[in-house]
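What follows is one structure encoded as structure tokens, with my remarks underneath.
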Amino acid sequence: MINVFRKGWRPAAVLLLLFILWEMAVNLAEVPAWLLPPPTDIIQEAVLGWDGFRPHLQSTVLLSLWGFAIGTVIGLLTAVILHLLPFIRESIYPLLILSQNVPIIVLAPLLVVWFGFGILPKLIVITLVCFFPITVAALDGFRQTPAELRHYMLMAGAGRGQLFWKLELPYSLPSLFSGLKISATYSVMGAVISEWLGAKAGIGVYMTLASSSFRTDRVFVAILAIMLLSLLLFGGILLSERLLIKWKSRESGRK
């Protein structure tokens, strides 16, 4: 914990300096508040408008967590299937890469046409942006298993299932958590994009209403909330990684 504070004060100081420069520049140049509000106005709006913003925040949090959980399960299952069945990997993996070239903002309206305005198309959007980093990271982790350990277990009579559960999966955890950290931040972005499609509540809805009424301070409140939510999810995954992969931390300490 002490190391976290030692490393964290530098970016916090830089961020505080940027806010101070932002405040001074806006006041000196007399920039209209509807064009670029100063940080003090944004903080004031965040405090005074908390009761109205809280339902939108709660909706986005729940949507992000559900979408992230579904994307994690699907991404991990896809990686396991592609790893254990090479002929399927050779057939499907290129298609997975091509699927990521379709802009999600273009695909989202089609999902509304196909599945309506309920929660299903929103979860599909978040799942689509979350599962691919997890799949790729897990596959890379499976391939990074030391060959000598694999040969040793095969010589000891280990079956394919034992080889996967006792060797390949544990060694893939560092790579898997890298994918989880990327997907955790993507889940918030996917939730906000999905809320633009016609949700009743959410940060995406809050941003749309604020933009249409030229409440730029509220737009920045939403942006800050998205950033903080992404950081919290990232921090949660990072903490889980440190708790579950203690052997990796010990190896790094020896180096």
(message) List the helices (runs of 4 or more DSSP H) inside segment 51-156, counting only whole elements, that have at least 1 residues being closer than 22 Å to ILE237 by Cβ and at pLDDT 85 or above.
(response) 119-143
(request) Would you be able to tell me the number of residues in segment 122-134 that are crowded, with 23+ Cβ neighbours inside 10 Å and closer than 14 Å to TRP196 by Cα? (result) 3
(request) Evaluate the following for ARG89: is it open to solvent by 80 Å² or more (accessible area, probe 1.4 Å) and either in contact with a strand residue (DSSP E or B) (Cβ under 6 Å, 6 or more places away or on another chain) or of a type in the set (Lys, Arg) (or both)? (result) no
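The values are calculated or read from the model by the stated rules, or taken from the named source; none is laboratory data. Everything quoted here is computed from the prediction, not taken from an experiment. When we count neighbours, we look across all protein chains shown, and the Cβ atoms used for this are built from the backbone with ideal geometry, even at glycine. The protein model used for the area step is the full one, side chains on, heavy atoms only, and it has no ligands, DNA or RNA in it. Shrake-Rupley method; radii C 1.70, N 1.55, O 1.52, S 1.80 Å.
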